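Structure first, commentary second.
The values are calculated or read from the model by the stated rules, or taken from the named source; none is laboratory data. This structure is a prediction, so every number in the text was calculated from the model and none was measured. Don't worry about glycine lacking a Cβ; one is built from the backbone with ideal geometry, like all the others, and counts go over all protein chains shown. Areas reflect the complete protein model, heavy atoms only, side chains present, ligands, DNA and RNA absent. Shrake-Rupley method; radii C 1.70, N 1.55, O 1.52, S 1.80 Å.
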Amino acid sequence: MKLRNVVITLLLLVGCSSVEETSSLKSYSGIYPHLAYYNNEGECGTGAVVPWADRLWVMTYGPHLPQGSSDKLYEITPNLEQITRPESIGGTPANRMIHKESGQLFMGPYAIGQDRKVRTIPYDAMPGRHTGNARHLTDPENKIYYGTMEEGFYEVDVQSLDVKQLYKDINDNKGTFHFNDANVNPESANLPGAHGKGLYSGQGVMVFSNNGEASNLALKQFDIEAGVLAEWDGTDWEVVRRNQFVEVTGPGGIYGNKNPETDPIWATGWDHKSVLLGVRNAETGWDFYRLPKASHSYDGAHGWNTEWPRIRDVGTDEKSDYLMTMHGMFWRFPETFTADNSSGIRPRSAYLKVIGDFARWNNQLVFGCDDSAQKEFLNKRKVKGEIEGPGQSNSNLWFTSIEKPDELGPNTAEGAVWISEEIEAEELSEPFLFAGWDYRSAWIKNEGAKVVNFVFEVDEKGDGNWQKLKSVSVNAGESVELTFASGEKGEWVRVSPDKATQATVHFTYTQKDQRSHTPDPMFDGLATITDSKVSAGLLYGLGDNRRQLGVLAGTASDTNFTESGYYELDSLMNLVKKDDQETAAFIREKFAIPSQVVTIDEASVLIIDDLNRRWRLPKGNANYTELTDNSLLRICREVATERDLLNCSGTFYELPAENADGFAKIRPIASHNFRIYDYASYRGLLVMTGLDAKASKGNPHVIASEDGKAAVWAGTIDDLWKTGKPVGEGGPWKNTTVSAGEPSDAYLIGFYDKRSLKLSHQANQPVTFIIEVEPIGHGPWMTYKEVTVSPGETFEYAFPEAFQSRWIRFVANKSCQATAWLKYE
């Protein structure tokens, strides 16, 4: 044991009351607090998770650390003992490959033998942020490739670990490392783009991807040109496509393809329109497809918001089962995917965790996450106030059942093939996924000067045999919503116009939301919005290697918060009172709930974002208004790296960073009637305060102090899907004075179902209202309907189940007092 640093796993000292049991270790929704890992950097992500030599191997990374860091390599035993390997040298690694011939796992700068001995390649021999490994093109038995995020490429002898530099890492300037992601691309770069991600080989080439652009503009604008997919034939580089790409792999996964000459190579990526999927054929080269996005929190032209999306086989030796993570969706991915056999990609469910890698281990899925970054990077916004980030970066593993990727959020998703683009006559769009949802629709806007016929074709079996599905005539400047019937089948759909034009074609796919309005019993004990006094507290993940959660506890009434003491939640989930006035004062000052960051008026929730754009959201219970105005509810906080959790008027939302278009791409997660005072990330857990002490008894998700004056709820962020389906009501106008021809504020309508509208006015003559929709978030507004409402009448309308748009607004043809009221049930 002298050679190993054993991190706390004193099983006999762990309390016997646990949510889930592995031996006697506490876990909460699959999160084991004792397995959390910390570093001393601005971020602590999970770079790789690999079962090997009867252990689970995990490594962490910090940001922008090409010469090493405080990050560690961990060995986890089957009984969940966490061992910190003394060979650790840190850095920013996310590479992993099992080299079968030598019987080694290469992971970060480490070579791990079947005897669990670890050899380390020092960073002075192989500098850079290691992002991928690939099998060697000419000597795969004896050598492997390493690639770095800044285009350093190396050849490593698997026995001696001797390193041969093929291309110099662009951090390395005359032996001194200088790199800043915000700087323009260095002139010495071999390839466009920045922020390397994937590496794989086969078919005579090594394929590399990056997913960002190193420019100041990329820090602010999400839809500029960024990223690259490129390949190297052993001598020369060729740019395949100039978009943001991440995973590059094949059926062989982390072992490499079994038949490298003929097996396909897959690449995933995205642009501002949709997810991208590429597949390489040895004879014909690359083909590309488009898939919808469930979440836009992964957008951003700099590439920082994605971590490492993966495609991995999580099946058994007898039956493979490929799982893909991409833009907040778990996908079923076919092992046989090629351009000639492209059927079988299916959405599974949406998730909120930020996942760096995952694997199947001991008949469970294990996800390595990026949970709590001290730096929080560019993710600052007015609605959060001046809240500090956590005191120290930390993350954890998330253990789930094999079935969990089918059981989380609804798989509703959307994406476009064209957004206000110039299109040639009969130009074919790239294929867009068409199968796998209950409802499918498309919005078409002809932004040209002539009537255009848009032809939709489907590849029914994914074999490249395209057949006409239907055609739609759209007048110049007009829009059409197209709903596809359940009998209109196909794996892929593509579109073409019969005339040259400028156009937008955007698809939205929706799953029936089977959730009820009743929260899962795991939330028992959270105070309800009608409770006048609750056990509350401000939360702060402590710094300076204290590795505990600070809780400034007290009681919240309808008008104020009264402190009762300072407590700390430790790694064994004991909530203990402490005498630490300095930390209590720090929390009181730096984590106070901000005031007046949102407005709840008679109509709805009004948010004015950092770009002064106006957005409106539905309202929940009326009691939320006073509590929000009195700063007794946390509204917004980062609980997963580089995106925020918004909790406003009884609905949780996933909120992308401002550099990923922020509120324009907000997604409701679930609605509730809880009075949640504060929430934070700690050891991979979502921790919340705002409890009813009596109602919480018996719920293992609730941890209370011995004196009964402090309590928290602990679970995972993806538990929030179980609080209840999204509901609410409101609108952009309620007896509002409106001007003729002036559009209302944008009001959220996407991701809800059972939607109805009431439209009225107080004028003494008929008023015509144009109902406009914006399905994309950064696309053109489109006319949905025009309705004329007589004096004293109310226009009532139930939206069809298949209708989808992200935003809705209204325009009156006469100045008047008007109400546009929407109800989502």
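Structure above, values below:
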quantity	calculated
222 nm mean residue ellipticity, helices alone, for the chain (DSSP H n ≥ 4; -39,500 (n - 2.57); rounded to 500)	-500 deg cm²/dmol
Ordering of 296-305, 68-77, 691-700 by burial proxy (mean other Cβ atoms within 10 Å per residue, highest first)	296-305, 68-77, 691-700
Cα principal axis extents for the stretch 640-703, largest first, Å	42, 27, 15
Calculated FRET value between Ala500 and Asp340, using beta carbons and R₀ = 35 Å, to 0.05	0.65
Rg(Cα) / (2.2 N^0.38 Å) computed for the stretch 713-824, rounded to two decimals	1.20
Simple Cβ-charge dipole of the chain, Lys/Arg +1 and Asp/Glu -1, about Cα centre, in debye nearest 20	1480
Volume in Å³ per residue [convex hull over Cα atoms, computed for the chain]	158
Sequence-separation-based contact order of the chain, relative, with Cα cut under 8 Å and 6+ spacing, percent	10
Directionally averaged shadow of the stretch 608-673, computed from the convex hull of its alpha-carbon atoms, nm²	4.6
Phi-based couplings in Hz for the stretch 743-752 (Karplus 6.51, -1.76, 1.60; Gly and Pro marked x)	x, 6, 4, 6, 10, 5, 10, x, 6, 9
Straight-distance crosslink candidates among aspartates and glutamates, where the alpha carbon sits under 14 Å from Lys709 and sequence neighbours closer than 8 are dropped	Glu563, Glu568, Asp692
Separation between Cα centres of the stretch 567-619 and the stretch 430-487, rounded to whole Å	44
All-pairs Cα distance distribution in the stretch 449-532, expressed in whole percent, bin size 10 Å	13, 32, 20, 11, 13, 11, 1
P(r) tail fraction, the stretch 596-737 - alpha-carbon pairs more than 23 Å apart, %	37
Carbon/sulfur fraction of accessible area - the stretch 670-825, other protein chains in place, 1.4 Å, %	44
Sequence ranges 562-569, 129-136, ranked by mean other-Cβ count within 10 angstrom, highest first	129-136, 562-569
Neighbour-limited loop hits for trypsin sites (Lys or Arg not before Pro), the stretch 600-657 (at most 10 other Cβ within 10 Å; DSSP other than H, G, I, E, B)	none
Rounded percent of accessible protein surface that carbon and sulfur make up, the stretch 419-493, 1.4 Å probe	42
Space enclosed by the convex hull of the alpha-carbon atoms of the stretch 303-405, per residue, Å³	127
Projected-area mean, the stretch 351-396, by convex hull of Cα positions, square nanometres	4.3
Rg to Rh, two decimals, where the stretch 531-689 supplies the alpha carbon set and Rh follows Kirkwood	0.97
Whole-percent carbon and sulfur share, accessible surface of the stretch 321-391, 1.4 Å	41
Of the trypsin sites (Lys or Arg not before Pro) in the stretch 284-360, those whose Cβ has at most 12 other Cβ within 10 Å and which sit in DSSP loop	Lys319
Cα centroid of the stretch 495-552 to Cα centroid of the stretch 316-348, whole Å	26
Within the stretch 217-323: Cβ-based charge dipole about Cα centre, in debye rounded to nearest 20 (Lys, Arg +1; Asp, Glu -1)	460
J(HN,Hα) series, the stretch 817-825, from Karplus relation 6.51 cos²θ - 1.76 cosθ + 1.60, nearest Hz, glycine and proline x	9, 9, 10, 10, 10, 10, 10, 10, 10
Separation of alpha-carbon centers, the stretch 51-85 and the stretch 712-726, rounded to whole Å	29
Under the Karplus curve 6.51 cos²θ - 1.76 cosθ + 1.60, θ = phi - 60°, whole-Hz ³J(HN,Hα) for the stretch 308-321, x wherever Gly or Pro sits	10, x, 9, 10, 9, 7, 10, x, 10, 4, 7, 9, 6, 7
Square roots of five times the Cα gyration tensor eigenvalues for the stretch 366-437, Å	37, 24, 11
Rg(Cα) / (2.2 N^0.38 Å) computed for the stretch 29-113, rounded to two decimals	1.06
Accessible solvent surface per residue of the chain, calculated while the other protein chains remain in place, 1.4 angstrom probe, Å²	35
